[in-house]
Amino acid sequence: MDNFTFYAPTYFAFGKGEESKAGSLVKKFGGTKVLIHYGGGSVVKSGLLDRVKASLTESGIEFIELGGVKPNPRSGLVYEGIELCRREKVDFILAVGGGSTIDSSKAIAAGVVYDGDFWDYYEGKRIEEALPVGTVLTIAAAGSEGSPDSVITKEDGMLKRGASGDAIRPKFSILNPELTETLPPYQTAAGATDIIAHLYERYLTNTPNVQTTDRMIEGLILAMVEETPKVIKNPHDYDARANIMWAGMMAHNNSCGVGRSQDWTSHGIEHELSATYDCAHGAGLAVTMPAVFEYTMHHDVARFAQIANRVWGIPMNESNLEETALAGIKALKDFVKSIGMPVNFAELGAKEEDIPQMAHTCCYGDGSGSGKRYGFTVLDENDVIAIYKKML
Ligand code: NZQ
Ligand code: ZN
C-alpha cells in the first residue's frame, strides 16, 4: 500500500426529514448569509426548496437564490453566481440538488475568493481556499456530497474538466433517501452506474497488496448490484434507496481509494461524450466502461478475473484468466443493460464521425494536455479512438 493522507471532515445528517436541519447546520458551520443554488426545478416541484428555506428562516439565516443549474453544469452560471455572491456578501453556499448543482456550488465557492478566473482551477490549479459549502442531496450518483472534486463544462469549446481541493469538500451534507424517490428510473439507473464506475476506477490499480480497499470496493459493488434492481422495480423502496445513497458517498469520498493508484480512464473518455451530446454522465459510463475494460484488461488480466469472480460470481478459470475476465466484463454490461442503461453509441445518441475530435480533446484538452492519458494503463489518441470504436 502507498503512503497517503486522508482528510474528509464532512458532517453527514442521514435519514428521513433531515433537511429540516439545514438552517441549524449552516449556523453550526458559520454561515450568516447563504446562496441557495439549485437546478432545473425538481426541488421546487417537490417542495424541498420551500422546506429548506423555512429551515433557514427558522435559524435566522439570510438567503438569496440562484436556480438553473443544468446537468453537466456550465461555466456561464458559475460566473453569474460568483458576481452575485460578491455583490450580496454571501458567506456560505448551500447546494440543493444533484451532483451538477453541488459542483456548480463548489465552483462558485472557490471563485468568489479568487482574484483570477475560476477556470484556472479546471486547468490544473489546486483549490486551496473557498467559501464553505453545504449540500442537500437529491440523487445518489456523483458522490460530490463527500468529494473534494467539481466537474464543470466551459461553454467556449464545450470542455468538460474537473478541479479538486479539500477546501471544496462540503462542510455538511444532508442525505435523506426519501428525496430520491421522485427520480425518473433512467436517472436512478444512471446514478447507480456512476457509483459502480467510481468503484471500478479505484479497483483498477497498479499498487500491490491493497486487500482492505479491494474488499471494501467489492462489497460496495455487490451492494449496488443487489439494491439497484429493487429501486428500479419499486421507486419507493426506502431501505434500498438508503443503501444506495450511502454507497454513493462511500464510493467517491476516497475512503476506498487511498493508498492505491487509480484509473479514471473511463471517466476521461466519458466526459467527452457528456460534453458533446449532453447525455447523463452515468449513461455515458455504461457505454464506456465495458469498452475500456476489454481494451485494457491485458495489462493485468488477473485483476479483471478477480473482480469477475468475487463480484460477478464467475468461476475462476486458472488456466484461462482471460475467459474469466471477459465473462466479468460481460456481466457488468448485462447488468447496466438490465437496469435500462444504453450499451452502445447508437443507444446513447453518439455519432461515429465525432470520434476523432472527441479522442483528440480527450488527450490534448484545449492544447494543455500531453497527448497521453495516464491511469491503469497509458493510452494515446489512437488507443482512445480504438476504444470509442469498440462502443459502436
Ligand atoms: O435539475 P433538476 O430539475 O434538479 O433535475 C435533475 C437533473 O435533470 C434530476 N434530479 C435530481 N434529483 C432529482 C431529480 N429529478 C427528480 N427528483 C429528484 N430527487 O436529475 C437530473 C440529473 O441531475 P445531476 O445533478 O446532473 O446528476 P448527477 O448527480 O448524476 O450529477 C452529474 C454531474 O456530476 C459530475 C458529472 O460529470 C455530471 O456533470 N460528476 C461529479 C463528480 C464529483 N464532483 O465528484 C464525480 C463524478 O464522476 C461526475 O463526473
Ligand atoms: Zn462519475
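The values are calculated or read from the model by the stated rules, or taken from the named source; none is laboratory data. What you are looking at is a predicted structure, and each value in this text was computed from that prediction instead of being measured. Neighbour counts are summed over all protein chains in view; Cβ atoms, including those assigned to glycine, are modelled from backbone coordinates with ideal geometry.
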Qualifying residue in the range 112-127 (condition: within 9 Å of ligand 1 (Cβ to nearest atom) and not assigned by TED's automatic domain parsing to the domain that holds residue 222): no
Residue 66 vs. criteria under 24 Å from the mean Cα position of the chain (by Cα), more than 10 Å from ligand 1 (Cβ to nearest atom) and without any contact (Cβ under 8 Å) to a residue 60 or more places away in the chain: yes
Single residue of the range 184-199 satisfying the filter (more than 10 Å from ligand 1 (Cβ to nearest atom) and closer than 22 Å to residue 376 by Cβ) that is surrounded by the most Cβ atoms within 10 Å (Cβ to Cβ): 196
Filter result for residue 205 (in a helix (DSSP H, G or I), polar (S, T, N, Q) and touching a helix residue (DSSP H, G or I) at 6+ places or on another chain (Cβ under 9 Å)): no
Entirely in the range 317-392, the helices (runs of 4 or more DSSP H) that have 3 or more residues that are in contact (Cβ under 8 Å) with a residue 60 or more places away in the chain: 321-338, 355-364, 381-390
Odd one out for residue 16 among (1) under 25 Å from the mean Cα position of the chain (by Cα); (2) more than 22 Å from residue 177 (Cβ to Cβ): (2)
Subset of the range 278-313 [among the aromatic types (Phe, Trp, Tyr) and within 16 Å of ligand 2 (Cβ to nearest atom)]: 293
Single condition residue 204 does not satisfy, out of (1) away from ligand 2 (no atom under 15 Å from the Cβ); (2) farther than 30 Å from residue 91 by Cβ: (1)
Strands (runs of 3 or more DSSP E) wholly inside the range 120-174 containing at least 1 residues that are of a type in the set (Lys, Arg): 149-154, 159-164
Residue, surrounded by the fewest Cβ atoms within 10 Å (Cβ to Cβ), within the range 200-258, restricted to residues that are under 18 Å from residue 337 (Cα atoms) and basic (Lys, Arg): 233
Residue 219, sole failed condition from (1) away from ligand 2 (no atom under 14 Å from the Cβ); (2) more than 13 Å from the chain's Cα centre (by Cα); (3) touching a residue at least 40 places away in the same chain (Cβ under 8 Å): (3)
Boolean, residue 217 is in the same structural domain as residue 312 (by TED's automatic domain parsing), within 11 Å of ligand 1 (Cβ to nearest atom) and under 24 Å from residue 309 (Cα atoms): no
The range 238-257 residues that are assigned by TED's automatic domain parsing to the domain that holds residue 228 and modelled with pLDDT of 95 or more, paired with ones that are polar (S, T, N, Q) and surrounded by fewer than 24 Cβ atoms within 10 Å (Cβ to Cβ) (beta carbon under 7 Å, 6 or more apart): 256/213; 257/213
